Amino acid sequence: MDTIIVKVNDVKKDYNYIEQAGNIIKAGGLVGFPTETVYGLGADALNEEAAAKIYAAKGRPSDNPLIAHISNISMLDSLVTEIPPKAKVLMDKFWPGPMTLIFNKSEVVPKGTTGGLDTVAVRMPDNEIARGLIEAAGTPIAAPSGNLSGKPSPTIAEHMIDDMDGRIDMIIDGGMVGMGLESTIVDMTCEPPMILRPGFITKEMLDEVIGEVEYDKAIFAKPDENLKPKAPGMKYRHYAPSGDFSMYDGDEKKVVSAIVEAATSKLKEGKSVGVITTYQHYDYFKEIEQLGAQVITIGDESRLETIANNLYKVLRDFDKKGTEFIYGETFREDDLGKAIMNRLTKAAGYNIISV
């Protein structure tokens, strides 16, 4: 398959590309496109055969539901059997935006889109290209992140091209995304509502709007704790770089010392080594950088949104360099930190070393 790759800077000026992509969706094809969170791999959410193509292109397990993206509230009515009052409050507050809500699905939504479940996940993206594509297609668009299953999610079109060129019909290059982490998922079919995946919209923000919201405890548990996550996709390893990735947790000085020691040992063995750190801690690792380690700053620890924005790009950069061993520090787990550590813990295969 020859993948069409187009650059869209302005939805109105470049609408011919949006229209072309919409026609591909209508015909049952696959289109990669930007959202405010990560790049998505889209197909007609109401076309079971098209949804199956997403699973095939990604190598995604078939029990991992897809999120249906809509461009306006009226599109939601046909997808769900009811909209709980608390859901309406959240939609008014956070849509369009990085929040996915789970509802009981209507008959119009095929189980091929929902991973066999009787519920459907829906969100309205805060991205003009994404919403323009949905409008052009005239249908909700099912779209997981546009990466090969298990790899870091794409935050620039180049990432999608690396993974999907030749696998899908078209990729829309809309530049770098604004956030860099997938949407918060909230299950509205239970009371109190339950967070199934943390994201930029935090528990504290949700609590403030609709009262108490719970976390699915399984999303922070190690696989050996035998807690089954309510969202099937959360049981799989995600976001993983190709290299061996370890994270260190504990006293700042001890963490730095442990990373330097481990990295130095691997460098002496002739291995390629990478270190993920923050602007504040970069100087601590200059010594091993001079020995040949690739030290990349992921962001500002006082502004966690900068870390979230760069997280997947850093992991993919190490992949491109063929880095064999990667070491990183943990981050505080308040607010957005929970979402960051959820992704990093999975990326490291739960290999977190306490020092």
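The values are calculated or read from the model by the stated rules, or taken from the named source; none is laboratory data. Keep in mind that what you see is a predicted model, and the values were worked out from it rather than measured. Methodologically, a virtual Cβ is constructed for each residue, glycine included, from the backbone with ideal geometry; neighbour enumeration extends over all protein chains shown. Ligands, DNA and RNA are stripped out before the accessible areas are found, and what is left, the full protein with its side chains, is counted by its heavy atoms. Shrake-Rupley method; radii C 1.70, N 1.55, O 1.52, S 1.80 Å.
Just give me the residues in the range 290-323 being assigned to a loop (DSSP other than H, G, I, E, B) and within 17 Å of I352 (Cα to Cα), in sequence order. Reasoning before the result, please.
Initially, the range 290-323 is screened for residues assigned to a loop (DSSP other than H, G, I, E, B), giving 291-293, 298-299, 301-302, 322-323.
None - no residue of the range 290-323 is assigned to a loop (DSSP other than H, G, I, E, B) and within 17 Å of I352 (Cα to Cα), so the list stays empty.
Do we have G166 as part of a helix (DSSP H, G or I), touching a residue at least 40 places away in the same chain (Cβ under 8 Å) and either farther than 18 Å from V80 by Cβ or open to solvent by less than 10 Å² (accessible area, probe 1.4 Å) (or both) here? Spell out how you get there, then give the answer.
Numbers: part of a helix (DSSP H, G or I): no; touching a residue at least 40 places away in the same chain (Cβ under 8 Å): yes; either farther than 18 Å from V80 by Cβ or open to solvent by less than 10 Å² (accessible area, probe 1.4 Å) (or both): yes.
For G166, the condition - part of a helix (DSSP H, G or I), touching a residue at least 40 places away in the same chain (Cβ under 8 Å) and either farther than 18 Å from V80 by Cβ or open to solvent by less than 10 Å² (accessible area, probe 1.4 Å) (or both) - is not met.
Give me the pairs, please: first residue somewhere in the range 87-102 and among the polar types (S, T, N, Q), second residue anywhere and open to solvent by less than 10 Å² (accessible area, probe 1.4 Å) and assigned to a loop (DSSP other than H, G, I, E, B), beta-carbon distance under 8 Å, and either six or more positions apart or on two chains.
T100/S183
Quick check on my filter: what residues within the range 37-60 are in a loop (DSSP other than H, G, I, E, B), open to solvent by 50 Å² or more (accessible area, probe 1.4 Å) and of a type outside the set (A, V, I, L, M, F, W, C)?
Going through the range 37-60, the residues in a loop (DSSP other than H, G, I, E, B) turn out to be 37-39, 45-47, 59-60.
Right, trim to open to solvent by 50 Å² or more (accessible area, probe 1.4 Å) and you get 46, 59.
G59, the sole residue that qualifies.
Right, K286: part of a helix (DSSP H, G or I) and either out of contact with any Cys (no Cβ under 6 Å at 6 or more places or on another chain) or open to solvent by 80 Å² or more (accessible area, probe 1.4 Å) (or both) or not?
On the way: part of a helix (DSSP H, G or I): yes; either out of contact with any Cys (no Cβ under 6 Å at 6 or more places or on another chain) or open to solvent by 80 Å² or more (accessible area, probe 1.4 Å) (or both): yes.
It is true that K286 is part of a helix (DSSP H, G or I) and either out of contact with any Cys (no Cβ under 6 Å at 6 or more places or on another chain) or open to solvent by 80 Å² or more (accessible area, probe 1.4 Å) (or both).
So G299 ticks every box in (1) free of Cβ contacts under 8 Å to residues at least 40 places away in the same chain; (2) among the small types (G, A, S); (3) farther than 20 Å from P241 by Cβ but one. Which box is left unticked?
(3) is the only condition that G299 fails.
Which one of these is within 13 Å of I172 (Cα to Cα), open to solvent by 20 Å² or more (accessible area, probe 1.4 Å) and part of a loop (DSSP other than H, G, I, E, B): D10, D63? Reasoning before the result, please.
Details: D63 fails: within 13 Å of I172 (Cα to Cα).
Matching residue, one of D10, D63: D10.
Can you spot a residue in the range 116-123 that is over 17 Å from T189 (Cα atoms), charged (D, E, K, R) and surrounded by fewer than 24 Cβ atoms within 10 Å (Cβ to Cβ)?
Filtering the range 116-123 for residues over 17 Å from T189 (Cα atoms) gives none.
Checked against the condition, which is being over 17 Å from T189 (Cα atoms), charged (D, E, K, R) and surrounded by fewer than 24 Cβ atoms within 10 Å (Cβ to Cβ), the range 116-123 yields no hits at all.
Quickly run through the range 76-90 and pick out the residues that are closer than 16 Å to T119 by Cα and in a helix (DSSP H, G or I).
Narrowing the range 76-90 to residues closer than 16 Å to T119 by Cα: 76-84, 87.
Listed by number, the residues that qualify are L76, A87.
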